[in-house]
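Student: Quick one: this structure, given as structure tokens, is what I'll be asking you about.
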Amino acid sequence: MADLTHTIDRRRARKAFDSYVAAYDATNPRIALKVEHTLRVAELCERIAREAGFTPAGVDLAWLCGLLHDIGRFEQLRRWNTFSDAASTSHAALGVEVLFGSKGDTGVADDDGSAAGTIGIIHRFIDPSDELEEVIRAAVGFHSDYRLPEDLDVRTHAICDVVRDADKLDILRVASTDTVETVLNATEDELLASAVSPAIEDAFFEHRTAHYSERVTPVDYLVNLACFAFELVYPTSLEIADEQEYIYRALERPFGITRPFENKATAQLMNRMDGHLRAWVDERLC
């Protein structure tokens, strides 16, 4: 990655982040969960970028994009009391709005009486810099998209890939350590009785993640988590996934559940997928 002409003050950025989230209810466990997730993603971005050979300035930028990638989640929870984009709005687009403003940054209501424009907070984190701001805008705005736009420049694409890899890795951790009810909005019994949809089975053996519209049953979500491994861009990301083993837990013992799947076809398929995934990862790490 080519050298950047602007540097990033990490202490300033972290202070700005802490100040921003302090305005939200710290006693809300969902706020705490997102803060923890954000900091872990930033750390993962730093490691992935460093081991990929990014310049020091590039590593700093990757870290900052990780720190900012989910900043829209806090407003999403405040406004709609949910982390579901389907039930509210795109948290990635909301993050871009928080950072860069909306309605032309006017700060006043439009003539039609619609909501006032907002002034973004990006300059709490960095000095004005088109060079950095466009990369950050893309990394935040595209981090949860099914696919990245094809017209991104090489530097922006590289940073976006780092953030998307890091986000997937920590989503695997959250999904493995949280509860069935919180993650899937289903009971343990419903999960163990569910079947893998044909489209999800196809996606797995085609080595791709599935579109959200293809996921139907509770177990579909778990299989799609395991599919994250197939689309991790950087070798270090796959190494981390293998080290943490969360990709395997999604198929082997999701949420720490030791009871077998009641659906025998699901149990057999999950075992076959587990073996397939482990062999696929081993082949690429040896």
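Student: Can you give the charge dipole size of the chain about its Cα centre, rounded to the nearest 20 debye, using +1 on the beta carbon of Lys and Arg and -1 on the beta carbon of Asp and Glu? Don't skip to the end; give the middle numbers.
Tutor: On the way: 30 positive and 50 negative charges, 149 e Å.
Charge dipole of the chain: 720 debye, to the nearest 20.
Student: Post the alpha-carbon centroid distance, the range 205-250 to the range 29-91, in whole angstrom.
Tutor: 19 Å
Student: Can you put Leu33, Leu61, Leu67, Leu285 in order of Cβ neighbours within 10 angstrom, beginning with the fewest?
Tutor: Values: Leu33 15, Leu61 29, Leu67 24, Leu285 11.
Arranged by neighbour count, lowest to highest, Leu33, Leu61, Leu67, Leu285 become Leu285, Leu33, Leu67, Leu61.
Student: Mean-square fluctuation check for the chain, GNM, Cα pairs under 10 Å: which of Ile171, Ile136, Ile159 is largest?
Tutor: Most flexible of the set in this elastic network: Ile171.
Student: To the nearest 20 debye, what is the magnitude of the charge dipole of the range 10-166 about its Cα centre, counting +1 on the Cβ of each Lys and Arg and -1 on the Cβ of each Asp and Glu?
Tutor: 780 debye
Student: Also: Using the Cα centre of the range 116-239 as the reference point, and only Cβ charges (+1 on K/R, -1 on D/E), how large is the resulting charge dipole? Debye, rounded to the nearest 20. Could the numbers behind the result be given before it?
Tutor: Values: 9 positive and 25 negative charges, 30 e Å.
Value, rounded to 20: 140 debye.
Student: Which of the GluC sites (Glu not before Pro) across the range 200-286 are loop residues per DSSP, with 16 or fewer other Cβ within 10 Å? Don't skip to the end; give the middle numbers.
Tutor: Details: sites: Glu201, Glu206, Glu214, Glu231, Glu239, Glu243, Glu245, Glu252, Glu262, Glu283; in loops: Glu206, Glu245, Glu262.
Within the range 200-286, the qualifying GluC sites (Glu not before Pro) (loop, at most 16 other Cβ atoms within 10 Å) are Glu206, Glu245, Glu262.
Student: Tell me which label goes with the value of Rg and Dmax of the Cα atoms in Å computed from the coordinates here: (1) 21.1, 83; (2) 19.9, 63; (3) 19.4, 77.
Tutor: (2)
Student: Just need the relative contact order of the chain here, percent rounded to a whole number, with Cα pairs under 8 Å and 6+ apart.
Tutor: Working: 369 pairs, mean separation 43.6, N = 286.
Computed value for the chain: 15 percent relative contact order.
Student: Rounded to the nearest 500, what is the chain's calculated 222 nm mean residue ellipticity when only DSSP H runs of at least 4 contribute -39500 (n - 2.57) each, over all residues? Present the calculation step by step, with values, prior to reporting the outcome.
Tutor: Working: 14 runs with 175 residues, N = 286.
Computed mean residue ellipticity for the chain: -19000 deg cm²/dmol.
Student: Residue farthest toward the positive end of the dipole of the range 10-166, with Cβ of Lys/Arg at +1 and Asp/Glu at -1: which of Pro128, Ala26, Ser90?
Tutor: The residue sitting farthest along the positive end of the dipole is Ala26.
Taken together, the values in this text are just the output of simple stated rules run on the coordinates, not laboratory data. This one's a predicted model, so the numbers in the text were calculated from it and none came from an experiment. We place every Cβ from the backbone using ideal geometry, glycine too, and count neighbours over all the protein chains shown.
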